[in-house]
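In what follows, a structure is listed as structure tokens, so that the remarks can point back to it.
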Amino acid sequence: MKSALFVDFDNVYSALRRLDPAVAERFAFQPINWMRWLTDSLMAPPHAPDGAKRRLLVRRCYLNPQAYQRFRPAFNRAGFEIIDCPPMTSEGKTSTDIHMVLDVVDLLQHEVHYDEFIVFSADADFTPLLRKLRRSDRRTTVLAVGFPSAAYQASADLLIDQDDFIRFGLGFADPEPAPVPATVAVSRSAADITKDVKSLIARYVAESSKPVSLAWLASKALKEVDGLDAADWAGYSGFRKLVEALQMPKLRVNWETGTVLDPARHAASAPVQEPSVKPVPLDTLFVEVARLIQTELAQAGRPVSCARLAQMIVDRYSALAADWGGKGSFRKFLEALDLGRLELSWENDGGQVRDPQAPAVVTAPEKPSANRTQDWGKQAQLYPAIQQIHIATGMPLIAPREMQGLLGALVTEVANQPFALSDTGKRVRDRCREAGLGVSRADVSYVLKGILIAGHEFSTGNDNVPALSSRFIESMRVICAGEQIALDEAAEAALREWSSGTGI
């Protein structure tokens, strides 16, 4: 796959530096390492040929030499063409955006057909450029550090997960034991759900005289295990990750053949125990699922939750349940579909698919159901306001005690250890887990990002829950403004009470 990489250095470096100076320095001084991750490990964008590997034929870095000249040698050694973009105005505005646009358009007309354009920038001004590339049938992959606009995210074929880039691309991944479910369900704990899945697999394998299909087991688990969600899989994001986390020493799982068997009773080459279903080519399946989603959106007339879509897809195409067509998670599977004008909005409560051209539907705020707000206690009245802000920003939709516990754990952590984005995030998540709070690593990462982007500096004597809450609210206010939603005093008071326990 012929790829062209365009790096808006000033944008990426400054955004990473707001999160963690060490992360920014590694990005700037070690481009060879994250480029290797980009070519060898990052998944290809949707509709790329199966097994396609990236060839970075063009590597361009747009850099302000007056501010970042010291990073030039590292990018030279990585084979980049460096385009100097000095400030053009008294406010320090450079010409990076126009240089990048002109270069991209030039490559569109080049005799070499570039399959993929990779843009490292969170500048929403590039949204029309991404749409032009899509109209020209080119794949687009974007790294946007911070909180990029919803339109910018939706215009990219593949949005590189910021946390994945930091942990794996830049090498800040922390060694962890087998993953533990990050999301704790309201009605049942993730540990109980996982235990039931393990029992279900053991039971069906014991009852079968042949190896059992993993896809069939995934479909059975969704139907029989109370509280199991096809979009979340008890916090593991996919059936495969859930199974890999189970301790089943007496069974053998083979993902190449898509089976699980008991070596003492089953031969690996024996026929598979599953219903006789005529196989459907994967490409055809993707087209059919995309059409199913489009039909569902048209009939609903409003955004549809990803959890609902996941269950609907599994009910219709049970073979996808095991590994989501080789994508590993429902999110990656959904992002690989050609949904036309439909837009994906990923949120910590599961996300949704919406039609931007559908007429606006005015509805009363959703009345919180008992099972969704039983953990909110006396603050259940905050749920409608917090849910609306969550939909606009993607912030975690967790109970007040969990949000306040997260900030409290963060205060304790930075009082005992110097702040480091990846390490602090993991330790805060662990503290929350030890306290019995349903807080995931993604929740912690989002809150940390909001606090840091608002300008908070840790270890400067102002690391307390009210201060961190105020910084986080400031970020949410900026994001809402970008989506043309104004937070009134009542909404900000609800945010403050939800995050810090006080409405003052």
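The values are calculated or read from the model by the stated rules, or taken from the named source; none is laboratory data. Bear in mind the structure is a predicted one, so any value in this text is a computation, not a measurement. Neighbour counts are summed over all protein chains in view; Cβ atoms, including those assigned to glycine, are modelled from backbone coordinates with ideal geometry. We work out accessible area using only protein heavy atoms, side chains counted, and drop any ligands, DNA or RNA first. Shrake-Rupley method; radii C 1.70, N 1.55, O 1.52, S 1.80 Å.
One table, with the values for the structure above:
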read-out: Filter result for the condition that a residue is polar (S, T, N, Q), closer than 21 Å to P21 by Cβ and open to solvent by less than 20 Å² (accessible area, probe 1.4 Å), over S459, S422; value: S422
read-out: Where P396 falls short, out of the listed (1) at pLDDT below 85; (2) part of a loop (DSSP other than H, G, I, E, B); value: (1)
read-out: Output for the range 92-113, where each listed residue is among the β-branched types (V, I, T), farther than 15 Å from P128 by Cα and surrounded by 11 or more Cβ atoms within 10 Å (Cβ to Cβ); value: T94, T96
read-out: Candidates L297, L246, L222, L228 - the one that is modelled with pLDDT of 85 or more, open to solvent by less than 60 Å² (accessible area, probe 1.4 Å) and over 18 Å from K332 (Cβ atoms); value: L246
read-out: Condition met for A173 (touching a helix residue (DSSP H, G or I) at 6+ places or on another chain (Cβ under 9 Å) and at pLDDT below 85); value: yes
read-out: The range 386-401, residues that are touching a Pro at 6+ places or on another chain (Cβ under 8 Å) and open to solvent by 10 Å² or more (accessible area, probe 1.4 Å); value: Q387, Q388
read-out: Evaluation of K93 against (1) touching a strand residue (DSSP E or B) at 6+ places or on another chain (Cβ under 9 Å); (2) at pLDDT 90 or above (one fails), failing number; value: (2)
read-out: Of all residues in the range 11-23 being open to solvent by 30 Å² or more (accessible area, probe 1.4 Å) and touching a residue at least 24 places away in the same chain (Cβ under 8 Å), the one that is farthest from T424 (Cα to Cα); value: N11
read-out: Hits in the range 187-203 - residues which are touching a residue at least 40 places away in the same chain (Cβ under 8 Å) and open to solvent by less than 40 Å² (accessible area, probe 1.4 Å); value: A190, I193, T194, V197, I201
read-out: Residue match in the range 26-36 (condition: surrounded by fewer than 17 Cβ atoms within 10 Å (Cβ to Cβ) and hydrophobic (A, V, I, L, M, F, W, C)); value: yes
read-out: Failed condition for L133, given (1) touching a Leu at 6+ places or on another chain (Cβ under 8 Å); (2) surrounded by 21 or more Cβ atoms within 10 Å (Cβ to Cβ); (3) in contact (Cβ under 8 Å) with a residue 60 or more places away in the chain; value: (3)
read-out: The range 336-355, residues that are at pLDDT 75 or above and open to solvent by 60 Å² or more (accessible area, probe 1.4 Å); value: D338, R341, R354
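To keep it simple, each residue is scored yes or no on (1) in contact with a Phe, Trp or Tyr (Cβ under 7 Å, 6 or more places away or on another chain); (2) within 25 Å of L107 (Cα to Cα); (3) without any contact (Cβ under 8 Å) to a residue 12 or more places away in the chain.
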| position | (1), (2), (3) |
| --- | --- |
| P31 | yes, yes, no |
| R54 | no, yes, no |
| R70 | no, no, yes |
| R77 | no, yes, no |
| I83 | yes, yes, no |
| T89 | no, no, yes |
